[in-house]
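Notes follow the structure.
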Amino acid sequence: MNKPIWISRDYAACSGCRRCELACSMHHEGWMWPEASRVRVFMPFPGVEVPHLCAQCQDYPCIESCPVDALSSDPNTGAVIVDREACISCGACIKACPGSVPYLHPGDNKATICDLCGGEPKCVEVCTEAGYNALTIVNEGPSIHRKLYSRDPVETAKDLAVKMFGEKGEEVIE
């Protein structure tokens, strides 16, 4: 069994290039379809880009919330796996996620969550290849409180804007 991995985020390093979205959709969908990407980049404010993806919370509230057991966790990677045949598109996983990360796929309306590309996340490959390193792989145990990264992207962007632009940025956001 492989050691579970986690995708760390350095929000300040994100350029907003969206290479991660394109690589993900190419890998999973076979074509560039950012709306179907398992990682999404949000720009709630000009100049502030936030990559948003599954944080693989240790308690997996999305898995626990599924009424038909369509979600499970991969023992090798720690990723949430969706059984698309079993999924009934109820959205319980979206409501249970602290960051509303899962979404209903625009093609089949089934729950869609990052599956870590089987242990070789394409989003990380293209981000590090470009030199941004906003997304990196971490081989670690449960020491990181991952749920801190499972937040609404607007809240993350607000914190990042204050960090980047100071308190005056916060006034503009409010």
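If you go through the stretch 86-106 and keep only what is of a type outside the set (Gly, Ala, Ser) and surrounded by fewer than 16 Cβ atoms within 10 Å (Cβ to Cβ), you end up with Ile88, Cys90, Lys95, Pro98, Pro106. Scanning the stretch 127-150 for residues that are buried (at least 16 other Cβ atoms within 10 Å of the Cβ), at pLDDT below 80 and either in contact with a Leu (Cβ under 6 Å, 6 or more places away or on another chain) or outside any helix (DSSP H, G or I) (or both) yields a total of 1.
Would you please name the residue that is modelled with the lowest pLDDT, looking only at residues in the stretch 151-166 that are surrounded by 14 or more Cβ atoms within 10 Å (Cβ to Cβ) and assigned to a loop (DSSP other than H, G, I, E, B)? Per the stated criteria, the residue is Arg151.
For the subset of the stretch 40-53 comprising residues that are under 15 Å from Leu116 (Cα atoms) and in contact with a strand residue (DSSP E or B) (Cβ under 6 Å, 6 or more places away or on another chain), which member is surrounded by the fewest Cβ atoms within 10 Å (Cβ to Cβ)? For the stretch 40-53, the residue satisfying everything is Arg40.
For Ile81, indicate whether it is of a type in the set (A, V, I, L, M), within 20 Å of His27 (Cα to Cα) and either within 14 Å of the chain's Cα centre (by Cα) or not in a helix (DSSP H, G or I) (or both). Answer is yes for this residue. Criterion applied to Asp69, Asp74, Asp83 was being at pLDDT 90 or above and exposed (fewer than 14 other Cβ atoms within 10 Å of the Cβ), and the one residue passing it is Asp69. Of all residues in the stretch 23-39, those satisfying the criterion of being within 11 Å of Cys117 (Cβ to Cβ) and assigned to a loop (DSSP other than H, G, I, E, B) are Arg38, Val39.
What do you reckon, is Val124 within 17 Å of Val39 (Cβ to Cβ), under 13 Å from the mean Cα position of the chain (by Cα) and either part of a loop (DSSP other than H, G, I, E, B) or of a type in the set (Gly, Ala, Ser) (or both)? Against the criterion (within 17 Å of Val39 (Cβ to Cβ), under 13 Å from the mean Cα position of the chain (by Cα) and either part of a loop (DSSP other than H, G, I, E, B) or of a type in the set (Gly, Ala, Ser) (or both)), Val124 does not qualify.
The values are calculated or read from the model by the stated rules, or taken from the named source; none is laboratory data. Keep in mind it's a predicted model, so treat the numbers as computed, not measured. All Cβ positions, glycine included, derive from the backbone under ideal geometry; neighbour counts span all protein chains shown.
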